[in-house]
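Please read the structure below before turning to the comments.
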Amino acid sequence: MKNSFLLICAFTLFMGSAQAQVYSLPNLPFAFSAYEPFIDAQTMEIHHDKHHAAYVNNLNKAITGTSMENSSMTNLLMYASFRPAAVRNNAGGHYNHTLFWEILAPTNAQKPISDALQTAITNQFKSLDSLKTLMNAAAATRFGSGWAWLMLSPDGKLAVVSTANQDNPIMDVSKDRGIPILGIDVWEHAYYLKYQNKRADYLGAIWNLINWGVVSDKYAAALNDPLLMELEKDNWLALKDFHKVMAQTFHPAEENNFEPLRTRSGELYAKAILLKNSTPPASANNPKVQDALSRLEQQCFSIHQLAQKPSKNEADKNAKLFEQITKAHDIFHEVEGLCHD
């Protein structure tokens, strides 16, 4: 009976530990040696079993016991600038390497490029060889560690970009946003054992391992991914700036703290003006959005007037302020909703 109890306790502890491991290390699709002669077996083993494993373990440590434990990988990446460095770096490391393993395959296991991706590459870059040249240039000129990417941008076009360290185009810290469909790792641990400091030689060899069939599948999936619209909207900086001030004034008011709203009503109104005069993303640049932005600007002006107006009855003034800021909050979410339509 005692042994059974101990077994149950051990199982419970194991399950609790297992549940805390939100992310896990994916298996390589092929043996370490299958990538030779272009990448040696020892490099593949160390890269996967040591470096990628460290990103996964450190990410789990960084998010366990926090609200981020319930966040999706997309959420962790999209708002990387708001995350601790350990989350940004390790979430990026896990996502980037997972994609990298998926697109690599020995020659006899590769599938051909789809007609759709071939056409898109030809339209954007003239030829596949031109694309490779651009990718190699982006990778070769990336100072220090980082990645070169072929991504689908929110406008539906392919683009070549590079990012430092373990950043990627999904992150809000990236100047150019999009969904990566092909990535080349240019950290030294990806090639140093075989190529030493000759990054160009590694870049010449890596194309022999690119499985264009998988890249084609990622391109087709990205074209229909709602994340494209999310990235487009997230790049609307005027909307993000307004949202920050709205959150910093509305939420305290919900807790009956009107000091932030009273002292920052002018800032809220100024951000509303800037938002109204900004250029929305192409998918949200329509009369409905423009009408909502006009109403939002007018509502924030009314809030600012009320906040600056002297009052003998502070409780009554606070009640009116809350009513007005709630209306502004509702209009703001109307704008956000219209961006998804």
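The values are calculated or read from the model by the stated rules, or taken from the named source; none is laboratory data. Nothing here was measured: the structure is a model prediction, and the numbers come from that model. All Cβ positions, even for glycine, are placed from backbone atoms using ideal geometry, and neighbour counts span all protein chains on display.
In the stretch 153-168, of all residues being under 16 Å from Asp234 (Cα atoms) and polar (S, T, N, Q), the one that is surrounded by the fewest Cβ atoms within 10 Å (Cβ to Cβ) corresponds to Ser153.
If the condition is being under 24 Å from the mean Cα position of the chain (by Cα), within 17 Å of Ile331 (Cβ to Cβ) and assigned to a helix (DSSP H, G or I), then the stretch 243-284 contributes His243, Lys244, Val245, Met246, Ala247, Leu275, Ala284. Note on the stretch 92-123: among residues that are small (Gly, Ala, Ser) and assigned to a helix (DSSP H, G or I), the one that is nearest to Lys157 (Cα to Cα) is Ala120. Restricting Ile179, Ile184 to those that are closer than 21 Å to Gln118 by Cβ, of a type in the set (A, V, I, L, M, F, W, C) and over 16 Å from the mean Cα position of the chain (by Cα) reduces the list to Ile184. Identify all residues within the stretch 31-73 that are farther than 19 Å from Trp101 by Cα and part of a helix (DSSP H, G or I); write none if there are none. Across the stretch 31-73, the qualifying residues are Asn58, Asn60, Lys61, Ala62, Ile63, Ser67, Met68, Glu69, Asn70.
Only one of the listed residues (Ser174, Ser127, Ser145) is surrounded by 17 or more Cβ atoms within 10 Å (Cβ to Cβ) and either in contact with an Asp or Glu (Cβ under 9 Å, 6 or more places away or on another chain) or of a type in the set (S, T, N, Q) (or both). That residue is Ser174.
Conditions (1) closer than 25 Å to Ser81 by Cα; (2) surrounded by fewer than 19 Cβ atoms within 10 Å (Cβ to Cβ), marked per residue:
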| position | (1), (2) |
| --- | --- |
| Asp185 | yes, no |
| Ala205 | no, yes |
| Asp225 | yes, yes |
| His243 | yes, yes |
| Asn256 | no, yes |
| Leu275 | yes, no |
| Ser278 | yes, yes |
| Ala282 | yes, yes |
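Taking the stated definitions as given, is Ile303 modelled with pLDDT of 95 or more and within 30 Å of Thr133 (Cβ to Cβ)? Spelling it out, it is not the case that Ile303 is modelled with pLDDT of 95 or more and within 30 Å of Thr133 (Cβ to Cβ). Residue check: is Asn285 assigned by TED's automatic domain parsing to the domain that holds Asn136 and free of Cβ contacts under 8 Å to residues at least 12 places away in the same chain? No; evaluated as a whole, the condition is false for this residue. Looking at the structure I just gave you, is Glu232 at pLDDT below 90, out of contact with any strand residue (DSSP E or B) (no Cβ under 8 Å at 6 or more places or on another chain) and among the charged types (D, E, K, R)? When the stated conditions are applied, Glu232 passes them. Would the stretch 161-176 turn up any residue that is under 23 Å from Ser24 (Cβ atoms), within 15 Å of the chain's Cα centre (by Cα) and either aliphatic (A, V, I, L, M) or not in a loop (DSSP other than H, G, I, E, B) (or both)? Checked the stretch 161-176: at least one residue is under 23 Å from Ser24 (Cβ atoms), within 15 Å of the chain's Cα centre (by Cα) and either aliphatic (A, V, I, L, M) or not in a loop (DSSP other than H, G, I, E, B) (or both).
Looking at the stretch 317-330, can you tell me whether even one residue there is part of a helix (DSSP H, G or I) and either in contact with a His (Cβ under 8 Å, 6 or more places away or on another chain) or over 17 Å from Met246 (Cα atoms) (or both)? So far as the stretch 317-330 goes, yes, one or more of its residues are part of a helix (DSSP H, G or I) and either in contact with a His (Cβ under 8 Å, 6 or more places away or on another chain) or over 17 Å from Met246 (Cα atoms) (or both). The set of residues from the stretch 185-198 being over 16 Å from Phe100 (Cβ atoms) and not hydroxyl-bearing (Ser, Thr, Tyr) comprises Leu193, Lys194, Gln196, Asn197, Lys198. The residue that is surrounded by the fewest Cβ atoms within 10 Å (Cβ to Cβ), counting only those in the stretch 285-316 that are in a helix (DSSP H, G or I) and polar (S, T, N, Q), is Gln308. Taking the condition more than 25 Å from Asn89 (Cα to Cα), touching a residue at least 40 places away in the same chain (Cβ under 8 Å), buried (at least 18 other Cβ atoms within 10 Å of the Cβ) and in contact with a Leu (Cβ under 7 Å, 6 or more places away or on another chain), does Asn211 pass? Yes; evaluated as a whole, the condition is true for this residue.
In the stretch 70-79, the count of residues that are more than 25 Å from Gly178 (Cβ to Cβ) and at pLDDT below 95 is one or more. For the stretch 82-91, the criterion of being in contact with a Lys or Arg (Cβ under 8 Å, 6 or more places away or on another chain), surrounded by fewer than 17 Cβ atoms within 10 Å (Cβ to Cβ), part of a helix (DSSP H, G or I) and in the same structural domain as Arg177 (by TED's automatic domain parsing) is satisfied by at least one residue.
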